[in-house]
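Pasting in a structure now, in structure tokens, and then I'll have a few things to ask.
The values are calculated or read from the model by the stated rules, or taken from the named source; none is laboratory data. Because the structure is a prediction, the values reported are computed rather than measured. So basically every Cβ, Gly included, is an ideal-geometry build from the backbone, and we count neighbours across all protein chains shown.
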Amino acid sequence: MVARNKTARRDYDITESFEAGIVLRGAEVKSLRESNVTIADSYARFESGELFIVGLHIAPYSRGGTHVAHESERKRKLLLHRNELDRLSSKVNQERVELVPLALYFKEGRAKLEVGVGKGRKTIDKRQMIAKRDADREARRELSDRQRS
């Protein structure tokens, strides 16, 4: 696991997720292996029938020279099968859902991006979710305390 978007599941109601390859250049892969990436402010969008990740910040490689520096926040193409792209495009257009990056990791030596499909939550929903999570935590704590004694 290289990077994880911790706020995505709090801010969005994720209904499904999928794995996409990502097109990288030169030292970007080396920089990813050093975990010099921020995915919290990024999002995915369609442009002319192709899916791109926008706002993904990959810092320049620390041991690289100035002649091999790359753009930190350029658009990067996501690799999916055509039928997946068509299905996602229709969902985004019809159901008004958003494509949110959840995690960035390596699988068999290739960089993969987990992208979630979901709707944004309102502030009240976030508060209710946090309250429910805290209540569940307290209930588990009480059960474990009773089992010990």
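Determine the pairs where a residue that is within 15 Å of Val37 (Cβ to Cβ) and in contact (Cβ under 8 Å) with a residue 24 or more places away in the chain, located within segment 5-26, has a partner that is assigned to a loop (DSSP other than H, G, I, E, B) and among the charged types (D, E, K, R) with Cβ atoms under 6 Å apart, the partner being 6 or more residues away or on another chain.
If the second residue must be assigned to a loop (DSSP other than H, G, I, E, B) and among the charged types (D, E, K, R), no pairs are left.
While we're looking at this one, here's another question. The conditions are (1) at pLDDT 85 or above; (2) in contact with a strand residue (DSSP E or B) (Cβ under 8 Å, 6 or more places away or on another chain), and Glu138 fails exactly one of them. Which is it?
With (1) at pLDDT 85 or above; (2) in contact with a strand residue (DSSP E or B) (Cβ under 8 Å, 6 or more places away or on another chain) applied to Glu138, the lone miss is (2).
Can you tell me which residue is surrounded by the most Cβ atoms within 10 Å (Cβ to Cβ) among those in segment 76-94 that are more than 20 Å from Met1 (Cβ to Cβ) and aliphatic (A, V, I, L, M)? Walk me through how you get there before you give the answer.
Step one: list which residues in segment 76-94 are more than 20 Å from Met1 (Cβ to Cβ), which gives 77, 80-94.
Then drop every residue that is not aliphatic (A, V, I, L, M), which leaves 80, 85, 88, 92.
Details: Leu80: 18, Leu85: 17, Leu88: 21, Val92: 17.
Among those that are more than 20 Å from Met1 (Cβ to Cβ) and aliphatic (A, V, I, L, M), it is Leu88.
Identify, by number, the condition in (1) assigned to a strand (DSSP E or B); (2) more than 30 Å from Gln94 (Cβ to Cβ) that Leu51 doesn't meet.
With respect to (1) assigned to a strand (DSSP E or B); (2) more than 30 Å from Gln94 (Cβ to Cβ), Leu51 is out only on (2).
Now, a different point. Any residue in segment 36-59 that is touching a residue at least 24 places away in the same chain (Cβ under 8 Å) sitting within a Cβ distance under 6 Å of a residue that is small (Gly, Ala, Ser) and in a strand (DSSP E or B)? List the pairs, counting only those 6 or more apart or interchain.
That search, which allows pairs on different chains as well, returns Val37/Ala3; Ile39/Ala3; Leu51/Ala44; Ile53/Ala44.
Got at least one residue in segment 59-73 being modelled with pLDDT of 90 or more, part of a loop (DSSP other than H, G, I, E, B) and surrounded by 16 or more Cβ atoms within 10 Å (Cβ to Cβ)? Walk me through it before giving the result.
Of all residues in segment 59-73, those modelled with pLDDT of 90 or more come to none.
No - not one qualifying residue is present in segment 59-73.
Criterion first (more than 19 Å from Asp13 (Cβ to Cβ), of a type in the set (A, V, I, L, M, F, W, C) and touching a Ser or Thr at 6+ places or on another chain (Cβ under 9 Å)) does Leu56 satisfy it? Spell out the reasoning first.
Values: more than 19 Å from Asp13 (Cβ to Cβ): yes; of a type in the set (A, V, I, L, M, F, W, C): yes; touching a Ser or Thr at 6+ places or on another chain (Cβ under 9 Å): yes.
The answer is yes for Leu56.
Which one is farthest from Arg133 (Cα to Cα), of the residues in segment 1-35 that are in a strand (DSSP E or B) and acidic (Asp, Glu)? Give the derivation first.
Applying the first criterion (in a strand (DSSP E or B)) to segment 1-35 yields 3-4, 12-22.
Okay, now just the ones that are also acidic (Asp, Glu), so 13, 16, 19.
Working: Asp13: 15, Glu16: 21, Glu19: 27 Å.
Only one residue fits best here, namely Glu19.
Would you check if there is a residue in segment 110-123 being within 26 Å of Arg25 (Cα to Cα), free of Cβ contacts under 8 Å to residues at least 60 places away in the same chain, in a strand (DSSP E or B) and in contact with a strand residue (DSSP E or B) (Cβ under 6 Å, 6 or more places away or on another chain)?
Within segment 110-123, the first condition is being within 26 Å of Arg25 (Cα to Cα), and the residues that meet it are 110-116.
Okay, now just the ones that are also free of Cβ contacts under 8 Å to residues at least 60 places away in the same chain, so none.
So far as segment 110-123 goes, no, none of its residues is within 26 Å of Arg25 (Cα to Cα), free of Cβ contacts under 8 Å to residues at least 60 places away in the same chain, in a strand (DSSP E or B) and in contact with a strand residue (DSSP E or B) (Cβ under 6 Å, 6 or more places away or on another chain).
How many residues does segment 124-134 hold that are of a type in the set (D, E, K, R) and either loosely packed, with under 12 Cβ neighbours inside 10 Å or part of a loop (DSSP other than H, G, I, E, B) (or both)?
At the first step, the residues of segment 124-134 found to be of a type in the set (D, E, K, R) are 125-127, 132-134.
Narrowing the set further to residues that are either loosely packed, with under 12 Cβ neighbours inside 10 Å or part of a loop (DSSP other than H, G, I, E, B) (or both) leaves 127, 132-134.
Final tally of qualifying residues: 4.
Another question about this same structure. If we scan segment 95-107, do we find a residue that is part of a helix (DSSP H, G or I), hydrophobic (A, V, I, L, M, F, W, C) and either free of Cβ contacts under 8 Å to residues at least 60 places away in the same chain or exposed (fewer than 15 other Cβ atoms within 10 Å of the Cβ) (or both)? Full working, then the answer.
Of segment 95-107, the ones part of a helix (DSSP H, G or I) are 95.
Next, from what is left, pick out any that are hydrophobic (A, V, I, L, M, F, W, C): none.
Among the residues of segment 95-107, not one is part of a helix (DSSP H, G or I), hydrophobic (A, V, I, L, M, F, W, C) and either free of Cβ contacts under 8 Å to residues at least 60 places away in the same chain or exposed (fewer than 15 other Cβ atoms within 10 Å of the Cβ) (or both), which makes the answer no.
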